[in-house]
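J.: Questions regarding the structure given below will be posed in turn.
The values are calculated or read from the model by the stated rules, or taken from the named source; none is laboratory data. The structure presented is a predicted model; accordingly, all values stated were derived computationally and were not measured. No Cβ is skipped: glycine too gets one built from the backbone with ideal geometry, and neighbour counts run over all protein chains shown. Just the protein is used for accessible areas: all its heavy atoms, side chains included, with ligands, DNA and RNA removed. Shrake-Rupley method; radii C 1.70, N 1.55, O 1.52, S 1.80 Å.
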Amino acid sequence: MAWATIVLTENYSLFNRFPIMATDYNAIAKEYRASKMLPWRKHVESYTLFELVGSLANLNVLDLACGEGFYTRQIKLRGAANVVGVDISEEMIRLARETEEQNPLGLEYYCQDALQLNLNQTFDIVCASYLLNYAQNADELRRMGEVIANHLKPGGRFVTINSNPDYQCAVEMMFPYGFTRENESYSEGAPITYRFYQPDGSNIAVTNYHLAKSTHETALQQAGLSNIEWHSLQASSDGIDEFGSAYWTDILTHKPVIGLSCSKS
């Protein structure tokens with residue numbers, strides 16, 4: 001239960017010393033990959049995402065904002081027929097392709113912007129572990145929705161884990177899980193800074209943007225997506241057995257991130 005026993009150090013006082021800016025994932029690719037090993041990402045984030053996705057057997061899947069391919073590989077290992085990963089970061093895609101060379105699964109990766117993507121193919125499911133939260137305004141959100149809809153077969157589903165627009169807690173609330181979230185404000189387009197900590201106290205910062213749930217719903221509907229649903233986080237039975245149910249109370253109750261699903265009409 002390493003993260004439950006971390007004590008706030010001098011690093012915590014650095015929150016307001018750094019200017020908020022768009023995240024350069026090329027510079028923090030390896031550190032961000034390491035943050036995927038935090039227990040909450042396995043037992044809450046990943047568990048919730050795949051519970052929402054359901055069976056992947058023989059399906060064609062597009063993984064948007066795939067990063068270094070963490071979920072892209074899991075999607076394939078869970079039975080998907082063909083999986084394509086897309087990310088805007090050249091370094092993230094380099095790491096993904098490097099892993100694919102070392103352990104081939106038949107995955108394809110493209111370094112492209114999700115706002116302009118056109119692969120000339122459609123998929124049964126589009127997944128994204130954090131994509132919509134990079135939209136800075138309703139227009140960008142609608143354009144992301146259009147890209148998603150254009151890459152879905154009729155009846156195809158979009159499933160994502162997204163920054164929760166309704167989250168309003170003290171910055172340090174999620175620190176026991178190895179990260180913090182700080183909203184500059186709750187105005188449309190206001191920056192949100194996530195910091196992911198390692199046991200030595202070092203951290204990397206990632207910038208998202210706040211847009212209301214209603215803004216998400218309207219943008220996705222305008223893009224041709226329907227059956228929009230928000231989903232609460234869940235903890236895996238393995239995570240409860242390992243850490244105890246009380247350990248997960250704050251993250252499950254306050255939901256700094258949230259599930260979202262919809263489909264193409």
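J.: Just to be sure I understand, how many residues within segment 75-109 are in a strand (DSSP E or B) and open to solvent by 50 Å² or more (accessible area, probe 1.4 Å)?
T.: 2
J.: Return the total of residues in segment 68-86 being in contact with a Gly (Cβ under 6 Å, 6 or more places away or on another chain) and farther than 17 Å from Arg41 by Cβ.
T.: Looking only at that region, the number is 1.
J.: Given the criteria open to solvent by 10 Å² or more (accessible area, probe 1.4 Å) and closer than 27 Å to Gly54 by Cβ, does Ala65 qualify?
T.: On the way: open to solvent by 10 Å² or more (accessible area, probe 1.4 Å): yes; closer than 27 Å to Gly54 by Cβ: yes.
For Ala65, the condition - open to solvent by 10 Å² or more (accessible area, probe 1.4 Å) and closer than 27 Å to Gly54 by Cβ - is met.
J.: Which is within 21 Å of Thr23 (Cα to Cα), open to solvent by 40 Å² or more (accessible area, probe 1.4 Å) and not in a strand (DSSP E or B), of Glu217, Glu182, Glu242, Glu188? Please lay out each step first, then the result.
T.: Numbers: Glu217 fails: within 21 Å of Thr23 (Cα to Cα); Glu182 fails: not in a strand (DSSP E or B); Glu242 fails: within 21 Å of Thr23 (Cα to Cα).
From the options Glu217, Glu182, Glu242, Glu188, the qualifying one is Glu188.
J.: Of all residues in segment 117-137, count the ones that are open to solvent by 50 Å² or more (accessible area, probe 1.4 Å) and within 19 Å of the chain's Cα centre (by Cα).
T.: Count: 3.
J.: Which ones in segment 245-265 are open to solvent by less than 30 Å² (accessible area, probe 1.4 Å) and either in a loop (DSSP other than H, G, I, E, B) or touching an Asp or Glu at 6+ places or on another chain (Cβ under 6 Å) (or both)?
T.: Of everything in segment 245-265, those that are open to solvent by less than 30 Å² (accessible area, probe 1.4 Å) and either in a loop (DSSP other than H, G, I, E, B) or touching an Asp or Glu at 6+ places or on another chain (Cβ under 6 Å) (or both) turn out to be Pro256, Ser261.
J.: Which of the residues that make up segment 192-203 are open to solvent by less than 20 Å² (accessible area, probe 1.4 Å) and of a type outside the set (D, E, K, R)?
T.: Ile192, Thr193, Tyr194, Phe196, Tyr197, Gly201, listed by residue number.
J.: In segment 154-172, how many residues are touching a helix residue (DSSP H, G or I) at 6+ places or on another chain (Cβ under 6 Å) and either closer than 24 Å to Leu52 by Cα or not in a loop (DSSP other than H, G, I, E, B) (or both)?
T.: Restricting attention to segment 154-172, the residues satisfying the condition of being touching a helix residue (DSSP H, G or I) at 6+ places or on another chain (Cβ under 6 Å) are 158-159, 161-163, 165, 169.
The next check asks that each one be either closer than 24 Å to Leu52 by Cα or not in a loop (DSSP other than H, G, I, E, B) (or both); those that pass are 158-159, 161-163, 165.
Going through segment 154-172 one residue at a time, the tally reaches 6.
J.: Consider segment 176-202. How many of its residues are over 18 Å from the mean Cα position of the chain (by Cα) and in contact (Cβ under 8 Å) with a residue 60 or more places away in the chain?
T.: Residues in segment 176-202 being over 18 Å from the mean Cα position of the chain (by Cα) and in contact (Cβ under 8 Å) with a residue 60 or more places away in the chain: 6 in total.
J.: Quick one: is Tyr47 touching a Ser or Thr at 6+ places or on another chain (Cβ under 9 Å), at pLDDT 95 or above, at negative phi and crowded, with 22+ Cβ neighbours inside 10 Å?
T.: Answer is no for this residue.
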